[in-house]
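Following: one structure in structure tokens, then a few remarks.
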């Protein structure tokens, strides 16, 4: 099956191609040239980064542009992290088109499941669909599941931060406030080595300052708790790793790769989100 990757960064394309080649060997990846106005080439299935295609936020116009560019083809639509506007997009409206919305950050299994779900399936010759009864037994009205309404919560905007800006923001935090993890991160980033942060046995982050990317497989509540608790931050370890193998390692660990500036902005956002539930604990 031919899978066209559109709107992704070069690093994301590399990681996704590795993921697909290892977990879905019957899928073959092709890269779509960069550019928001580039016409999508023919393919069996698309993985389309909405931000990279200029469709970061859902609007009726953005939806129409998306559907026109796909021209009825199935696709996995990668939506930006912390933006909930694409929840308004009802993928079931296109009866003959399989569309799956996958929000960042996602892991290997999330993407693999989305690809399999969106991939066109040939009907089995032995399959039979049970007929819908035309009468209701005993006159009992059938129960109809209520369709969930799209979330009306305002999307959270994350301001990207350069390493220098991140260092300044961390230094400006009050000394009486927890900031041990962010301070450790500033020190490690200043060395410009590629390093891995081990939060728990499962939850980790990788930072590659030279290539300007970072990756994480930690859930958002885990990162938020880490940024707001010096007690938990005291238990983490930071170790240098081989920069050449770092991207492959991130893929093996099911990490999602983002720009370094976005990750730093996200961590600072978590540190300042004091109104959120502080009861999350690392497992």
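The values are calculated or read from the model by the stated rules, or taken from the named source; none is laboratory data. Quantities reported herein were computed from a predicted structural model and do not represent experimental measurements. Note that we place each Cβ from the backbone using ideal geometry, even for glycine, and neighbour counts take in every protein chain shown.
Being within 20 Å of residue 166 (Cβ to Cβ), surrounded by 14 or more Cβ atoms within 10 Å (Cβ to Cβ), over 23 Å from the mean Cα position of the chain (by Cα) and free of Cβ contacts under 8 Å to residues at least 60 places away in the same chain is a condition met by at least one residue of the range 191-206.
Annotation for the range 221-237: at least one member residue is in a strand (DSSP E or B) and touching a residue at least 12 places away in the same chain (Cβ under 8 Å).
Working carefully through the options 219, 250, 214, 172, find the one that is surrounded by fewer than 19 Cβ atoms within 10 Å (Cβ to Cβ) and either in the same structural domain as residue 11 (by TED's automatic domain parsing) or under 20 Å from the mean Cα position of the chain (by Cα) (or both). That would be 219, the only listed residue that is surrounded by fewer than 19 Cβ atoms within 10 Å (Cβ to Cβ) and either in the same structural domain as residue 11 (by TED's automatic domain parsing) or under 20 Å from the mean Cα position of the chain (by Cα) (or both).
Table: residues versus (1) over 14 Å from residue 263 (Cα atoms); (2) assigned to a helix (DSSP H, G or I); (3) in contact with a strand residue (DSSP E or B) (Cβ under 9 Å, 6 or more places away or on another chain).
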| residue | (1), (2), (3) |
| --- | --- |
| 168 | yes, yes, no |
| 173 | yes, no, no |
| 178 | yes, no, no |
| 182 | no, yes, no |
| 185 | no, yes, yes |
| 188 | yes, yes, yes |
| 192 | yes, no, no |
| 201 | yes, no, no |
| 205 | no, no, yes |
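Just one of the numbered conditions (1) outside any loop (DSSP other than H, G, I, E, B); (2) out of contact with any helix residue (DSSP H, G or I) (no Cβ under 9 Å at 6 or more places or on another chain) is not true of residue 16: (2). Among the conditions (1) farther than 23 Å from residue 215 by Cα; (2) at pLDDT 85 or above, residue 77 misses just one, which is (1). Taking the stated definitions as given, is residue 235 surrounded by fewer than 18 Cβ atoms within 10 Å (Cβ to Cβ), more than 20 Å from residue 184 (Cβ to Cβ), modelled with pLDDT under 90 and out of contact with any strand residue (DSSP E or B) (no Cβ under 9 Å at 6 or more places or on another chain)? Taking the combined requirement at face value, the residue does not satisfy it.
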